Amino acid sequence: GGHAERILDASAPDGRLIGIDRDPDALAAARARLARFGDRATLVHGRFGDVRAILEELGAHPQFSGGGKPPPVDGFLLDLGISSPQVDRGERGFSFSRPGPLDMRMDPTHGETAGELLCRVTAEELGAILVRWGDERYGRKIARAIKERLGEIATTTDLAAVVAEALPARERASRKTDPATKTFQALRIAVNDELGEVQRFLADFPSCLRAGGRIVVIAFHSLEDGMVKDRLRDLSRHPGVPEDVARAMGIRPDPEVELLTRKPITPSEDEVRANPRSRSAKLRAAVRR
């Protein structure tokens, strides 16, 4: 609820915030933190990829716009990926350094767990997941090791150990992060359909954002950041006309958004020292025309 708190403070006295999260624990923490704002803060248990449907449902309530119309949105802020509380609590199944169940669901009340996914997919399918969504060059080798030793893997630390042992010794020693980092990222993305969520949101947000409204996205890995970069770039061009062609033809652009960040904003050295987990963050923003 940190970003939400700052937004509510800055938009006082009348600004309203709708917070969407699929993690019940995150919602409980946010409710406690934002309690002082009363009905200016509305928190919804759901997926941000369903933002249009959520806004339409809220629009049916008199406290918003009424009449079934989505409340007008002045800005979207997406803080993608997992949160520190999810990683720090071993029982959530995200940590490779703290033993926990093979879960990795952002919403622990719904969907397939990481353990169930590992049992369901073939070694070939698992290898493809690790290569595509974890950028793990040894993904297929790791996948074979996981499937061969699946009966020995009961916890996240068991899984991390199998991954580390599957890597060549030189590769294991040369990595700056834990050997299991990429594998855990790929499994987490698969379990939670994270890229699908981003894709659905990026498709719908322009129709929900009023003219002059802003879209701000903080991403923590290249797959999500690339999707955001490409979508905002495409929306900032003349519809259906490639940028180089439009320039050559002298066409005046009529884009849906104007980019506020040609390059992503990254944390300063001081911020990284204060919060090492911010080191990979990239922020992109645009304004609706």
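The values are calculated or read from the model by the stated rules, or taken from the named source; none is laboratory data. Please read these numbers as outputs of a predicted model, since none were measured by experiment. FYI the Cβ positions are ideal-geometry reconstructions off the backbone, even for glycines, and counts take in every protein chain you see. Remember, those area values only see protein heavy atoms, side chains included, never the ligands or the DNA or RNA. Shrake-Rupley method; radii C 1.70, N 1.55, O 1.52, S 1.80 Å.
Average projection, convex hull of the Cα set of the range 74-216: 9.8 square nanometres. Report the paramagnetic label zone for GLU112: residues of the range 178-222 whose backbone N is under 15 Å from a point 7 Å from Cα along the Cα-to-Cβ axis. Correct set: 186-196.
Each Lys and Arg adds +1 at its Cβ and each Asp and Glu adds -1 at its Cβ; summed about the Cα centre, the chain shows a dipole of about 720 debye. The Cα center of the range 210-228 and the Cα center of the range 7-46 differ in position by 21 Å.
For the residues LEU27, LEU283, a 1.4 Å probe over the protein chains yields an accessible-area ranking, largest first, of LEU283, LEU27. Residues VAL51, VAL44, sorted by accessible area with the largest first, give VAL44, VAL51 [1.4 Å probe; ligands and nucleic acids excluded].
Determine the relative contact order of the range 34-192: mean sequence separation of Cα pairs under 8 Å and six or more apart, normalised by residue count, in whole percent. Could the numbers behind the result be given before it?
Values: 203 pairs, mean separation 29.7, N = 159.
Relative contact order of the range 34-192: 19 percent.
Only protein heavy atoms count here; on that basis, with a 1.4 Å probe, LYS282 has an accessible area of about 80 Å².
Quick check on the range 90-130: take the gyration tensor over C-alpha atoms, sort the square-rooted eigenvalues as a ≥ b ≥ c, and tell me if it's rounded (a/c under 1.5), prolate or oblate. The shape class here is oblate.
So for the chain, averaging the separation of alpha carbon pairs under 8 Å that are six or more residues apart and normalising by length, what relative contact order in percent results? Write out the running numbers ahead of the final one.
Values: 439 pairs, mean separation 46.1, N = 289.
Relative contact order here is 16 percent.
Rounded to the nearest 5, the antiparallel percentage of DSSP beta bridges internal to the chain is 50%.
Distance between Cα centroids, the range 128-171 to the range 81-122: provide it in whole Å. So the two Cα centres are separated by 16 Å. The length gained by stretching the chain between LYS263 and ARG144 to full extension, at 0.36 nm per residue less their Cα-Cα distance, is 38.9 nm.
Ordered by 1.4 Å accessible area with all protein chains kept, LEU77, LEU202 run largest first as LEU77, LEU202.
Take the range 153-199 with all the other protein chains still there, run a 1.4 Å probe, and you get 41 Å² of accessible area per residue. Using the empirical formula 2.2 N^0.38 Å as the baseline, the Cα radius of gyration of the chain reaches a ratio of 1.11.
Semi-axes of the equivalent ellipsoid for the range 132-289, please: Cα gyration tensor eigenvalues, times 5, square-rooted, ordered largest first, whole Å. Let's see the in-between values first.
Numbers: eigenvalues 305, 63, 46 Å².
Listed largest to smallest, the semi-axes of the range 132-289 are 39, 18, 15 Å.
With the alpha-carbon atoms of the range 1-151 aligned to their principal axes, the span from lowest to highest coordinate is 58, 30, 26 Å, starting with the largest.
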